[in-house]
Protein chains: 2
Amino acid sequence: MRQAGRYMPEYRALRQKYSFLELCHTPEAAVAASMLPIDMLGVDGAIIFSDILIPLEAMGMNLQFDEGKGPILSDPIRSRSEIGRLRAYDANKETRFLPDAVRMLKAELAGRVPVLGFAGAPYTLACYAVEGKTARHYSATKSFMLNDREGFKELLFRFADAAADLLIAQIEAGAELVQLFDTWAGDLMPDEFRAMALPAAAHVIERVKATGCPIVYFVNGVGGKLEDIASSGADVIGIDWRVGLTEVRQRLGQGVVLQGNLDPCTLYARPDVIAARVRDVLAENGRGPHIFNLGHGIMPDVPVAHAKALVDAVKTFGAPGGYA
Amino acid sequence: MRQAGRYMPEYRALRQKYSFLELCHTPEAAVAASMLPIDMLGVDGAIIFSDILIPLEAMGMNLQFDEGKGPILSDPIRSRSEIGRLRAYDANKETRFLPDAVRMLKAELAGRVPVLGFAGAPYTLACYAVEGKTARHYSATKSFMLNDREGFKELLFRFADAAADLLIAQIEAGAELVQLFDTWAGDLMPDEFRAMALPAAAHVIERVKATGCPIVYFVNGVGGKLEDIASSGADVIGIDWRVGLTEVRQRLGQGVVLQGNLDPCTLYARPDVIAARVRDVLAENGRGPHIFNLGHGIMPDVPVAHAKALVDAVKTFGAPGGYA
């Protein structure tokens with residue numbers, strides 16, 4: 001999760017040649033970034049290098065990444081009338097670089113590990129479109145949502161179709177599993193989540209499942225919304241670290257496929273501590289179907305040796321096929 | 001919750017005369033700030049104006065509030081050996097201004113509404129002591145906790161006794177209900193919460209309950225830790241807005257006393273929307289014992305008229321005694 005390889009010196013070398021957005025826009029460079037964790041860590045899947053805000057840029061919003069400040073959209077959408085500024089979007093045209101990168105990555109991997117695609121979920125895309133940046137409280141987004149419910153739903157469904165189009169383009173190019181990232185939907189009151197974020201995410205999931213490709217739905221901060229997430233229709237439920245897998249399996253069933261959920265900050269601890277915590281998560285999950293992952297994105301300043309300690313521990317403590 | 005009256009012009013007028021810390025340190029000024037929501041909004045309790053970091057300052061840490069940047073502790077505690085820098089602390093001596101302010105506030109109110117005291121919970125105090133500021137991920141805190149578990153527990157229990165001392169001093173001065181704020185403990189993995197934050201908070205709660213005064217334990221982001229919170233021994237469980245009161249009552253019982261849980265961002269919506277959302281929360285809680293509150297602190301830029309709309313709606317929709 002989060003940009004593949006962002007914590008690696010090799011990635012920083014790539015960034016000497018390309019800005020962050022140029023990396024996203026240039027298939028050869030995106031593939032080089034995507035390959036770093038495969039070659040250096042031995043992870044079991046290759047996540048295509050991209051960013052969730054790519055479709056907003058393709059719909060005409062002015063996207064920039066200022067060093068150290070995160071994304072800036074200088075023309076935020078604060079009302080229903082401003083939704084009209086969003087342009088129609090063809091995922092294989094304005095964002096053709098992404099399916100192209102997936103195809104190149106797949107050829108480069110030659111079957112070593114599967115290619116994973118992703119997109120931002122509608123509510124999370126709406127948060128960035130309305131705020132124009134990473135915000136502390138998403139108060140402008142929530143004001144829009146509370147004061148003009150039909151207008152906000154219109155925005156959510158514009159982004160739902162954009163996200164579905166982008167995921168389907170990645171699947172057609174060879175992605176074997178895709179993930180829908182809802183970083184900010186966990187911050188909603190559960191009734192608002194059910195009324196707003198969930199139906200829009202479910203629309204993406206329904207369109208993607210029609211292709212036959214499995215989809216992961218990840219909501220950051222999912223502890224108060226477990227049954228709702230399970231009703232999304234996703235094949236795999238991504239779980240952040242603030243809720244225990246024991247509780248999740250008790251409430252959603254032993255058979256549900258879970259992805260997660262080590263606290264990303266664990267990677268700042270000593271390698272022996274990282275290994276012990278990986279073992280704790282695997283033990284807590286038990287024999288249920290599980291994709292081991294962090295509970296959210298990896299931090300850019302984590303030592304590569306610590307990321308490697310995590311991968312090694314998963315391979316050591318996860319008996320072959322035992323937690324598949 | 002959060003500084004009483006911070007969103008009011010009258011508060012900003014007070015801040016022309018006193019810095020934030022001077023307000024905390026000056027009983028007359030703290031009482032004036034505490035009275036603002038009583039006089040202007042008609043709330044049912046008076047929260048003493050103070051800050052959770054006051055005991056850290058009293059223990060010798062260098063606390064400053066830079067305008068717009070939040071608290072800064074220039075001498076963070078990053079290891080067990082640095083715990084020795086913390087000085088012994090007598091709540092009625094180094095922080096005498098706080099019980100003094102409680103006494104003055106109680107006299108000023110003359111029984112109109114009860115006086116509420118508060119303190120930061122041990123894990124949250126440790127987060128500030130270790131990071132030296134409001135952080136994004138609390139990675140230094142978690143590194144310390146993961147790499148030196150006994151050292152971190154020592155730090156937690158130093159702060160547990162400081163928080164208990166400060167709460168008991170407020171109770172002895174007349175506070176009729178106190179709250180323990182654990183803003184950052186919800187961010188822990190549940191097993192770490194049980195091993196670290198919860199035992200230290202339970203120690204505070206046990207010491208406070210020995211006085212006979214009821215105590216609220218509030219953990220921000222409690223959805224993945226409900227049964228754990230209920231085991232803390234607190235008389236009242238504070239609930240943030242990311243989990244529904246229906247789920248909380250199903251899991252913790254209809255008789256548990258809950259405090260919460262409207263999303264603070266709701267106060268940016270129109271007054272009629274605020275009223276409707278208040279009614280939704282009261283309806284969701286049903287007839288169980290309930291202290292209506294926001295799910296976390298009020299934002300400083302909320303219009304006073306919107307805070308008033310909330311109080312009026314609670315009084316309108318909460319039948320007299322119905323949700324007490």
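Label point of A:Ser231 (7 Å along Cα→beta-carbon): distances to the other copies' equivalent points are 3.0 nm, sorted ascending. Look at the alpha carbon pairs under 8 Å that are at least 6 residues apart: their mean separation over the length of chain B gives a relative contact order of 15 percent. Cα extents for the range B:9-238 along the principal axes, largest to smallest and rounded to whole angstrom: 49, 36, 30. Toward the positive end of the charge dipole of chain B, with +1 on the Cβ of Lys and Arg and -1 on the Cβ of Asp and Glu, the farthest Cα among B:Asn293, B:Val130, B:Ile72 is that of B:Asn293.
Between the alpha-carbon centres of the range B:67-129 and the range A:9-48 there is a gap of 47 Å. Placing a label point 7 Å from Cα along the Cα-to-Cβ axis, A:Asp272 is separated from the same position in the other copies by 6.6 nm, shortest listed first. In angstrom, the C-alpha Rg and Dmax of the range B:12-106 are 15.2, 48. Report summary: the helix-based calculation at 222 nm, which adds -39500 (n - 2.57) for every DSSP H run with n ≥ 4 and divides by the residues of chain B, gives -13500 deg cm²/dmol.
Computed on the range A:112-207, the Cα convex hull volume stands at 101 Å³ per residue. Over the protein assembly as shown, the pair-distance histogram of Cα-Cα distances with 10 Å bins from zero comes to 3, 15, 25, 26, 19, 9, 2, 0 percent, rounded to whole numbers. Between the C-alpha center of the range A:243-277 and that of the range B:233-251 there is a gap of 24 Å.
Take each residue of peptide A:263-274, count the partner chain Cβ atoms within 10 Å of its Cβ, and average: the result is 5. Across the identical copies, the 7 Å label point of A:Pro9, projected outward along Cα→Cβ, sits 6.0 nm from its counterparts, in ascending order.
Scattering from the range A:239-324 was approximated by placing one identical point on each alpha carbon and applying the Debye formula without solvent; log10 I(q)/I(0) at 0.21, 0.25 1/Å stands at -0.94, -1.26. About its Cα centre, the dipole of the protein assembly as shown is roughly 60 debye, where the only charges are +1 on Lys and Arg Cβ and -1 on Asp and Glu Cβ. The packing ranking, built from the mean of other Cβ atoms within 10 Å per residue, places the peptides A:77-85, A:193-201, A:62-70 in the order A:193-201, A:77-85, A:62-70, highest first. Fully extending the segment from B:Ser231 to B:Glu67 would add 55.2 nm, taking 0.36 nm per residue of separation and subtracting the current Cα-Cα distance.
Placing unit charges on the Cβ atoms only, positive for Lys and Arg and negative for Asp and Glu, gives chain B a dipole magnitude near 260 debye about its Cα centre.
Counting Cβ atoms of other protein chains within 10 Å of each residue's Cβ and taking the mean over peptide B:142-149 gives 5. For the range B:178-324, the Stokes-Einstein estimate of translational diffusion at 20 °C and a viscosity of 1.002 mPa s comes to 136 µm²/s, using the Kirkwood hydrodynamic radius over alpha-carbon pairs. Pairwise Cα separations in the range B:87-152 fall into 5 Å bins from 0 onward with the following percentages, short to long: 3, 13, 16, 15, 13, 12, 12, 8, 5, 2, 0.
Pairs exceeding a 28 Å alpha-carbon distance, out of B:Lys209/B:Lys315; A:Lys17/A:Lys69; B:Lys93/B:Lys153; B:Lys93/B:Lys133; B:Lys17/B:Lys308: B:Lys209/B:Lys315.
Distance from the B-onto-A rotation axis is smallest for the Cβ of the chain B residue given, in whole Å, as B:Gly223, 2.
Values in this text are rule-based calculations from the coordinates and carry no lab data. Every value quoted in this text rests on a predicted model; they were computed, and no experiment measured them. Virtual Cβ from ideal backbone geometry, glycine too; neighbours counted across all protein chains shown.
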